[in-house]
Amino acid sequence: MKNQTIITEDSFGSKGSLLQIYTYPSPILKKVAQEVSEFDDDLKKLCEDMLYTMYMAPGIGLAAPQVGVSKRVFVMDIDFNCEEVTNSIGQTEYRLNNLNPRVFINPVIKNKKGELLYEEGCLSVPGIFESVKRAKEITVEYHDLNGEKLSFDADDTLSVCIQHENDHLDGIVFLERLSLLKKNLLTKKFLKQKKKNG
Ligand code: NI
């Protein structure tokens with residue numbers, strides 16, 4: 001990130017380390033990620049750092065390949081608010097509240113129903129936003145950090161977000177869900193912008 005941002009949240013504090021986010025067309029983003037088999041402290045630390053990195057960006061979802069780790073893991077929070085305030089010494093501060101962090105390990109999407117056009121963006125393709133056609137309703141099966149198998153039904157924003165992050169685990173960036181014409185146009189735009197920003 002170019003401009004200095006200060007983010008505070010009581011329950012969030014300074015937990016976690018900031019990870020590097022790989023941007024398109026980095027090869028790691030094209031790789032199919034590996035299943036997680038060990039639910040250990042390293043996995044907990046990875047998820048904590050991914051959540052921290054996601055909140056700092058800020059973004060609503062982040063998949064392990066985006067931070068250079070080829071594992072079937074993503075984190076998400078579609079509920080938090082980011083409030084911009086000016087602090088006592090005149091700096092802009094971002095205050096996070098209403099945090100609802102979610103962790104999905106080895107997710108499998110089932111029972112896709114309906115259709116929805118939703119404007120998506122991605123921390124690996126910063127500055128590019130475009131509507132993508134997704135299933136409106138899904139069921140997702142996944143493991144939690146303890147290795148326990150869970151499942152729930154999601155719709156609308158949560159459904160779209162899970163489908164977007166799950167795509168990252170299969171080496172798919174949202175640009176690839178667009179028509180060839182749009183994909184080429186936006187890819188060109190993104191690479192030009194990336195070159196300009198160094
Ligand atoms: Ni993304």
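The values are calculated or read from the model by the stated rules, or taken from the named source; none is laboratory data. Everything numeric in this text was worked out from a predicted model, so none of it was measured. FYI the Cβ positions are ideal-geometry reconstructions off the backbone, even for glycines, and counts take in every protein chain you see. Keep in mind that these areas ignore ligands, DNA and RNA; they rest on the heavy atoms of the full protein, side chains included. Shrake-Rupley method; radii C 1.70, N 1.55, O 1.52, S 1.80 Å.
Just going by the charge dipole of the chain, with Lys and Arg at +1 and Asp and Glu at -1 on Cβ, which of T23, V85, N98 is farthest out on the positive end?
It is T23, whose Cα lies furthest towards the positive end.
Show log10 I(q)/I(0) for the chain at q = 0.14 Å⁻¹, two decimals, from a solvent-free Debye sum over equal Cα scatterers.
-0.85
With θ set to phi - 60°, apply the Karplus curve 6.51 cos²θ - 1.76 cosθ + 1.60 along the range 53-61 and write out the HN-Hα couplings as whole Hz, x wherever there is a Gly or Pro.
Result, rounded to whole Hz: 5, 5, 5, 6, 4, x, x, 9, x.
Report in % the part of the accessible area of the chain that belongs to carbon and sulfur, leaving out ligands and nucleic acids; probe 1.4 Å.
It is 48 percent, rounded to a whole number.
For the ranges 29-35, 53-59, what's the packing order if you count other beta-carbon atoms within 10 Å of each residue, average per peptide, and put the highest first? Mind dumping the intermediate values first?
Numbers: 29-35: 14.9, 53-59: 20.0.
Packing order, densest peptide first, comes out as 53-59, 29-35.
For the range 31-73, what's the radius of gyration and Dmax over Cα atoms, in angstrom?
In order Rg, Dmax, the Cα atoms of the range 31-73 give 10.4, 29 Å.
Which entries of K30/K112; K15/K71; K112/K196; K112/K183 show an alpha-carbon separation above 31 angstrom in the structure shown? Don't skip to the answer; put the middle values down first.
Details: K30/K112 24 Å; K15/K71 22 Å; K112/K196 40 Å; K112/K183 24 Å.
Over 31 Å apart, Cα to Cα: K112/K196.
What number, in percent, do you get for the relative contact order of the chain if the mean sequence gap of Cα pairs under 8 Å and at least 6 apart is divided by its residue count?
Answer for the chain is 21 percent.
Go through the range 82-94 residue by residue and turn each phi into a ³J(HN,Hα) via Karplus (6.51, -1.76, 1.60, θ = phi - 60°); whole Hz please, and just put x for glycine and proline.
Each residue's phi maps through the Karplus curve to give 10, 9, 8, 10, 9, 7, 5, 9, x, 8, 7, 10, 10 Hz.
Give, as a single signed number, the net charge of other residues whose beta carbon lies under 10 Å from the beta carbon of E35, with Lys and Arg counted +1 and Asp and Glu -1.
Numbers: positive: K71, R72; negative: none.
Here the charged neighbours net out to +2.
Would you calculate, for the chain, the mean residue ellipticity at 222 nm contributed by helices, counting each DSSP H stretch of 4 or more residues as -39,500 (n - 2.57) and dividing by all residues, to the nearest 500? Before the final figure, lay out each step's value.
Numbers: 3 runs with 48 residues, N = 198.
One gets -8000 deg cm²/dmol as the mean residue ellipticity at 222 nm.
Evaluate the charge dipole of the range 5-196 about its Cα centre and quote only its size in Debye, nearest 20, assuming +1 on the Cβ of each Lys and Arg and -1 on the Cβ of each Asp and Glu.
Dipole magnitude for the range 5-196 comes out near 1280 debye.
Need the full-extension length gain, L99 to K133, defined as separation in residues times 0.36 nm minus the C-alpha distance. One decimal, nm.
Result: 9.5 nm gained on full extension.
Please give the peptides 115-128, 86-99, 164-177 ranked by average Cβ packing (other Cβ atoms within 10 Å per residue), highest first, as a rough proxy for protection. Please report the intermediate quantities before stating the final value.
On the way: 115-128: 17.1, 86-99: 11.9, 164-177: 20.0.
Ranking the peptides 115-128, 86-99, 164-177 by packing returns 164-177, 115-128, 86-99.
Which order do the peptides 184-191, 155-162 come out in when sorted by mean C-beta neighbours inside 10 angstrom, highest first?
So the order, starting with the most tightly packed, is 155-162, 184-191.
In whole Å, what are the extents of the range 112-190 along the principal axes defined by its C-alpha atoms, from largest to smallest?
43, 27, 17
By a straight-distance test (C-alpha under 17 Å), which aspartates and glutamates pair with K188 as possible cross-link partners, with residues fewer than eight away in the same chain excluded?
E130, E176
Mind checking which lysines have their C-alpha under 22 Å from K113, skipping anything on the same chain fewer than 8 residues away?
Within the straight-line cut-off, K113 pairs with K133, K136.
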